[in-house]
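Worksheet: one structure, shown below.
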Amino acid sequence: MAEQRGEDESLVGQHLAALADHGARIGRLAPTDQVRRRGEQRRRHTRLASVAGGLAVVAVFVGVFTTQGGLGTKDVPVGTETRPPSASAAPSVTPKVDPSAVPGTGIPAHDRAVWLQATTTSGYPLLSALPDESISAVGEDAATERAWFALVPMSPGAKEYLLKTGVAASFGEPGCVTSDGERFAVKACDASRDDQRVVLRGQAAPYEVVVDGRALKISAGGVSAVAPGQGTPLTFIDRGTAQGTVG
């Protein structure tokens, strides 16, 4: 191998010498030593360029490997939540069991005064008429006779009712709960008025009370009219005999 390399270099040297002589004659090529040096410089530059190119490829690969966190892994930004936040549980309300609740079907007789109480709602608010004959909600401690009502069938055995006040209203006789847009009020009873017709939704107490297609939603903040199915289930609590004419 060494002898072959020596022969190759000798042959290259002879060619370079011939080129140098030819260049000297025509004035275009440099002497032999200069041509040889230029050849060596070109080979060194080529080797250096190859090495630099290889280092650049390695650097790029290492950079990608580091950024991705290793082969086969995914880039997960710092601080990213990987688990869904746990939903806070809705506060539970212990259903109130009142011994005075109307037994059986839970629907009172037409001559009985009753509370309409939200027994599965926090605070257990009651339906009540206010002095201005609007309908709102009160707690048991603040309840007066204005929280008494009587559920009177439109006709014997009917499933539609009038919800009358258990005592006389400001106009001298029992009034009826009447749907009034987004709220309810007490007005003079008139069985021909659709906005006073009441139905009970449910198979047993507590019932959702619907007046003219609007359900009563009762909370500590008051009473509002909502779509059926979104109202507050109410339990009828017996308070004794209704006063005045309720039939």
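The values are calculated or read from the model by the stated rules, or taken from the named source; none is laboratory data. In this text, all values refer to a predicted model and were calculated from it rather than measured experimentally. So basically every Cβ, Gly included, is an ideal-geometry build from the backbone, and we count neighbours across all protein chains shown. Remember, those area values only see protein heavy atoms, side chains included, never the ligands or the DNA or RNA. Shrake-Rupley method; radii C 1.70, N 1.55, O 1.52, S 1.80 Å.
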Using a simple spin-label model with points 7 Å from Cα along the Cα→Cβ vector, what separation in nm is obtained for Ser134 and Lys96?
2.3
So for each of 178-188, 97-107 I average, over its residues, the number of other beta carbons within 10 Å; can you give me the resulting order with the highest mean first?
178-188, 97-107
Accessible area (Å², per residue) of the range 123-247, counting only protein heavy atoms and a probe of 1.4 Å:
44
Need one number: nm distance between label points at Ala227 and Arg201, each 7 Å from Cα along Cα→Cβ, rounded to one decimal.
1.0
Amide H to amide H, which residues 5 or more places from Asp180 or on other chains are under 5 Å from it, using H placed in the peptide plane?
Ala185
Calculate what fraction, in whole %, of the accessible area of the range 128-184 sits on carbon and sulfur atoms when a 1.4 Å probe is rolled over the protein chains.
50
